[in-house]
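Below is one structure, written out as structure tokens, with a few remarks after it.
The values are calculated or read from the model by the stated rules, or taken from the named source; none is laboratory data. Predicted model, so just to flag it, every value in this text is computed and none were measured. With ideal geometry, Cβ positions are generated from the backbone for all residues, glycine too; neighbour counts draw on all protein chains shown. In case anyone asks, the SASA skips ligands and DNA or RNA and just uses the protein heavy atoms, side chains included. Shrake-Rupley method; radii C 1.70, N 1.55, O 1.52, S 1.80 Å.
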Amino acid sequence: MRKIVYLISPNKITKKFYVDLDKVLTNGNTAFFQLRLKKITKNKISKIAKKIKKITQKHKVKFIVNDDYSLALKLKADGCHMGQLDGSFELARKKLRKRILGITCHNSKALADEALKSKPDYIAFGSFYKSKLKPNATMAKKSILKWAKNYLKKKIVAIGGIDNKNYKIMLKSGANYIAISSYIWDNPKLNPEIAIKKFK
């Protein structure tokens, strides 16, 4: 099975989450799992990360920490995902060495050009649709994915409001991976184990 899913954590981690994550990753279509927790101490994140890492390693899924490359190093994660306001990409590349560095570039070719200098492993664009995770995010156009595929020569992640009805458009437009969160963890109709199977 081709791994097309870039899975992002829910905003809150419950005890049930670890069981659900194990079931979700068993499906085999997830390439990355990003731990994205805001307003929580690094100590708590570290405890959560240790449990998650065991599950991601079991399923050969890359474990990515959001925002903080120092924390990613401390947790011995596979890499770090950085937004435009999360510090120096060049310094992050230097510190992370051969670990994964991903950079968000919203809907901007200029930001993507600039990001290339730091030799990221992937570049993320979005939001392509309205998202519960980031309701006020800048909206992106599908045409940037085609441009990115032809010009950047990097792996591309599409993010923002992606679900079972629109993900194929993202892949056809040039994305290598589709970032998903709410559809899996906050789906009123499907449990996580069933929801992940919608992405083939």
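Based on what the data block shows, is A110 modelled with pLDDT of 95 or more, open to solvent by 60 Å² or more (accessible area, probe 1.4 Å) and among the aliphatic types (A, V, I, L, M)?
Judged against the criteria, A110 is a match.
Kindly list, by first and then second residue, each pair from a residue in the stretch 1-26 that is open to solvent by less than 40 Å² (accessible area, probe 1.4 Å) and modelled with pLDDT of 95 or more to a residue that is assigned to a loop (DSSP other than H, G, I, E, B) and aromatic (F, W, Y), limited to pairs with Cβ atoms under 7 Å and residues at least 6 apart or on different chains.
Note: pairs meeting the criteria are I4/F199; V5/F199.
Is the stretch 34-42 home to any residue that is aliphatic (A, V, I, L, M), more than 22 Å from I123 (Cβ to Cβ) and in a helix (DSSP H, G or I)? Let's see the steps before the verdict.
Kept after step one, since they are aliphatic (A, V, I, L, M), are these residues of the stretch 34-42: 35, 37, 40.
After this cut, where a residue has to be more than 22 Å from I123 (Cβ to Cβ) as well, the list is 37, 40.
From what is left, the residues that are in a helix (DSSP H, G or I) are none.
No - not one qualifying residue is present in the stretch 34-42.
Restricting attention to the stretch 160-181, and to residues there that are in contact (Cβ under 8 Å) with a residue 60 or more places away in the chain and within 14 Å of the chain's Cα centre (by Cα), which single residue is surrounded by the most Cβ atoms within 10 Å (Cβ to Cβ)?
Per the criteria, the residue is A179.
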